[in-house]
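*Asks:* First, the structure itself, so that you have it in front of you.
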Amino acid sequence: MRGLAVLAVALSVPATAAAQNSVYSVLGAGLPGRPIGVHARALGGGIAAFDAASAVNPAAVAAFGRLNVGANLTGAFRSYEAGESSADGLRQTRFPFAYVGSRIGRTPLSLAVGYAPYLDRTFDITSSDTVVLRGEPVAVEDRLASDGSSADLRGALGLRLGSRLQIGGAVHIISGSTRMEINRRFSDSTFLTVQDSSQATFTAAGFSAGAIVTVSSRLRLAASFRSDTDIEETVDSVPVADVDLPVTLTGGILLAPHPALRWSATVSWRSWSDASASVGQNGGNTAFDTWEVGSGLEFGGSDAGASRFPLRVGVRYAQLPFSPTDDRPEEWVVAAGSAIQFASNRALLEATLERIFRNGGGARERVWQISVGLRLVP
Amino acid sequence: MGRRFVWLSLLLAALAGCSERLTAPGECPEFCPPTLIDIVDTVITGAIVRDSSYRGYVQARGASALQIARQADTILSRAVLRYFRFPDSLRAATADAELSAVVSVDSFRVRFTVERMTDVDGLELALYRLPIDMDSTTTLAEVAPFFDDSTLIATIPIPDTLTTDSITADTVAVMVLPAAFPTFAADTGVVAIGVAVRGAADAFMDLTSAQGAMSPVVTRFVTVDSLATGTEVERSDARQPLFDTFLFPPPPPPVGDVLLAGGAPSARSLLRIDLPAAIVDSSEMVRSTLIIVPSEATLGAPGDTFLLRAEALSADFGPKSPLLGSTIEGLVLGTTEVVAGTMDTIRIDVTHIMRPWRTDASLPRSFMIRVVPEGAGLGEVRVGSTREGSGPALHLTYVPLVGGGN
């Protein structure tokens, strides 16, 4: 009963409460989110392909035994430079990730449902310009704001086949909305201010499949595949865009040379260039296929019996899919984190600090990001 | 354990409670959304359909002002006023229950409130004695002979400091002897006055009428035989006009099937608008201007300027359509000043009329064009109609809304 209550709380978090925003969120279909938990974030995403608390590989769900419930809270502090513009002191808090998973009875099957960020479309931009109206130049000040994202709602089923193989499959419903507001003020007061708001909704579906092989007690390998349909954007019920979503191929390796030391790495490739036609048509942006590589080391932890507080460090490199130029933006992340168990080891609080560097396409962005996650095993 | 949990809770609370700050300058167009704010600036000539003019809303005798004018040494327009009857007895004291007979009339004071909108100096009002049998059927020809030196009863100099190019009202008055109204007794205490403007140049002046804020008044100063004390006391009483109007030669008839606004009796023009839904329903109006090109020189007193206004309707019942009422912005922006005797293009800002059409489908998509105040002057605009293929146009500046403004 208590587990059901926790489940209800976890899933009551709105699906639109998603990842942090970025100066790159305004480009193309948005900034791709990272469907990983706080643990994986601390490891640069290196363990994502094996992590049941991340939504990368559905085979990882097979690791769930008892009921698990988890949710993340993320705070980002951001600054950027783009061309002549710069901003700092930007901050935002989000609940980007939550899940609940459990083994189904005494079967080798495990089930997990949850949501993760897919594409972030949050921005709030002011700009100035001069337009010629009725033969006269008129200064204007614009504010374009969009708050929201599309979230990846996943239902995953994992199966243990013996002690060395886990397989899994998942269905994904990508859904979300953004509330857009536009405001234009004119320096000439005879031109009235324009204010408008609209609701954009996003809908798509997909599936994923994966496997994790335990080669030995010190080596595990993982692979997954994901494919999604086009994501349809409607504004106030009027279809306005149809963006091809990428195929994602992921591979991972996990080495544990010592029970208290684990190294993991995950590599993903996404065919975002499929979206070139649609994002080029709607925004003049360029779309690129992207590579993402994350790697991390984890020392200790109560599971390893070495220390109560694991030390996690990681680094991640990712290419961003959309750019206003032919220059493909990149992202480097350096992360560190730890965790603490309490409530008779039924609760795990994790924390990760990330320093994110994004460059390319004419912009440069720096982010400090703090993620806190709570896992409960009721 | 408890202390640890408190610290963890505080950390979560600090993150969750962190205020957001998202607004930042954008680097457009590279890091801005594509064409979210597009602005269109266009002149549409065929948007006005089924335009009509109607006359008779406000008669000169019901207007708030009486316009008097002269042009080329002749009287162009003159005011005539018949006042309420003065009684032949008054109370000698306020507490008296009985009326006392008026023994003698000592003098009269004739007072007007003047609005002058001209820079011509040296003007004066000329007051003439008129027969008292005037009413709404009285014609210019019937009263014109009385605007003569033989019936002149007084002149009132108008201070040159009284206004220049803006509406400013002031009161002028003159004392006249009883001889000014030799038939006062025979006329049973009724006086009638004609008023014209005199000066060295073409000029005009507006007198506030009985329907205006400051009515013309004739004050009578008399001697009353006091019943209580048996002595004579001086008293006064005042009368406003029972009837007032201004008379002028009929203007030349309009040429062709044109739209009219102004004059006396006042005319209005009803313009119905037919715009594409993409503009009126799915766009935010930033500025809209009604462009009127007079088909002939605007009528009016020499040197006069008058106000032409476009107003929204609360319902479209044709000529009897009720006006929606002007907002404060409408008073400023929905009205424009027109110079008499010119053919300058007239532009009226109708943004505040058209902008609500998108969100309130019940509003008639029509304007009523009229001169304000109505019936109070000679000013009249004549504009080509759609039937003549030369109706007014609309200059629209609008922003198509995302999602069509649903």
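*Asks:* Find the residue count for region B:198-236, including only residues that are surrounded by fewer than 18 Cβ atoms within 10 Å (Cβ to Cβ), among the aliphatic types (A, V, I, L, M) and within 38 Å of the chain's Cα centre (by Cα).
*Replies:* 4
*Asks:* Shifting gears a bit: If you scan region B:350-377, which residues turn out to be modelled with pLDDT under 90, closer than 23 Å to B:Gly262 by Cα and in a loop (DSSP other than H, G, I, E, B)?
*Replies:* Once the filter is applied, which keeps residues that are modelled with pLDDT under 90, closer than 23 Å to B:Gly262 by Cα and in a loop (DSSP other than H, G, I, E, B), region B:350-377 yields nothing.
*Asks:* Among the residues of region A:88-122, which ones are at the interface with chain B (Cβ under 9 Å from one of its Cβ atoms) and under 29 Å from A:Phe202 (Cα atoms)?
*Replies:* Selection gives A:Leu90, A:Arg91, A:Gln92, A:Thr93, A:Phe95, A:Thr122.
*Asks:* In region A:41-86, which residue that is free of Cβ contacts under 8 Å to residues at least 60 places away in the same chain and within 24 Å of A:Gly360 (Cα to Cα) is nearest to the other protein chains (Cβ to nearest Cβ)?
*Replies:* A:Ser85
*Asks:* Restricting to region B:385-398, count the residues that are at pLDDT 85 or above, surrounded by fewer than 21 Cβ atoms within 10 Å (Cβ to Cβ) and of a type outside the set (S, T, N, Q). Step through it out loud before you land on a result.
*Replies:* We begin by selecting, within region B:385-398, every residue at pLDDT 85 or above; these are B:385-387, B:392-398.
Subsequent filtering for residues that are surrounded by fewer than 21 Cβ atoms within 10 Å (Cβ to Cβ) retains B:386-387, B:393, B:395.
Checking which are of a type outside the set (S, T, N, Q) leaves us with B:387, B:393, B:395.
Of the residues in region B:385-398, 3 are at pLDDT 85 or above, surrounded by fewer than 21 Cβ atoms within 10 Å (Cβ to Cβ) and of a type outside the set (S, T, N, Q).
*Asks:* Regarding region B:149-164, can at least one residue be identified that is over 24 Å from the mean Cα position of the chain (by Cα), of a type in the set (Asp, Glu), in the same structural domain as B:Leu99 (by TED's automatic domain parsing) and at pLDDT 90 or above?
*Replies:* Yes, region B:149-164 contains a residue that is over 24 Å from the mean Cα position of the chain (by Cα), of a type in the set (Asp, Glu), in the same structural domain as B:Leu99 (by TED's automatic domain parsing) and at pLDDT 90 or above.
To keep it simple, each residue is scored yes or no on (1) modelled with pLDDT of 90 or more; (2) in contact with a helix residue (DSSP H, G or I) (Cβ under 7 Å, 6 or more places away or on another chain).
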| position | (1), (2) |
| --- | --- |
| A:Ala63 | yes, no |
| A:Asn68 | yes, no |
| A:Ala82 | no, yes |
| A:Gly89 | no, no |
| A:Pro96 | no, no |
| A:Leu109 | yes, no |
| A:Val113 | yes, no |
| A:Tyr118 | yes, no |
| A:Asp124 | no, no |
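*Asks:* Another one. When the residues of region A:171-194 are filtered to those that are hydrophobic (A, V, I, L, M, F, W, C) and either more than 9 Å from chain B (Cβ to nearest Cβ) or without any contact (Cβ under 8 Å) to a residue 24 or more places away in the chain (or both), which remaining residue is farthest from B:Pro356 (Cα to Cα)? Show your work before the answer.
*Replies:* Our first condition is that a residue be hydrophobic (A, V, I, L, M, F, W, C); within region A:171-194, this holds for A:171, A:173-174, A:180, A:182, A:186, A:191-192, A:194.
Right, trim to either more than 9 Å from chain B (Cβ to nearest Cβ) or without any contact (Cβ under 8 Å) to a residue 24 or more places away in the chain (or both) and you get A:171, A:173-174, A:192, A:194.
Working: A:Val171: 47, A:Ile173: 40, A:Ile174: 38, A:Leu192: 12, A:Val194: 13 Å.
The qualifying residue farthest from B:Pro356 (Cα to Cα) is A:Val171.
*Asks:* Can you pull out the residues in region A:317-345 that are outside any strand (DSSP E or B) and touching a Pro at 6+ places or on another chain (Cβ under 7 Å)?
*Replies:* Filtering region A:317-345 for residues outside any strand (DSSP E or B) gives A:320-321, A:324-329, A:343-345.
A:Leu320, A:Pro321 - these are the residues of region A:317-345 that are outside any strand (DSSP E or B) and touching a Pro at 6+ places or on another chain (Cβ under 7 Å).
*Asks:* Please work out if A:Arg78 is touching a Lys or Arg at 6+ places or on another chain (Cβ under 9 Å) and crowded, with 24+ Cβ neighbours inside 10 Å.
*Replies:* Yes, satisfied.
*Asks:* Next question. Can you pull out the residues in region A:139-156 that are surrounded by fewer than 19 Cβ atoms within 10 Å (Cβ to Cβ) and not small (Gly, Ala, Ser)?
*Replies:* Once the filter is applied, which keeps residues that are surrounded by fewer than 19 Cβ atoms within 10 Å (Cβ to Cβ) and not small (Gly, Ala, Ser), region A:139-156 yields A:Glu141, A:Arg143, A:Asp147.
The values are calculated or read from the model by the stated rules, or taken from the named source; none is laboratory data. These figures come from a predicted structure and were not determined experimentally. Positions of Cβ are backbone-derived with ideal geometry, glycine not excepted, and every protein chain shown enters the neighbour counts.
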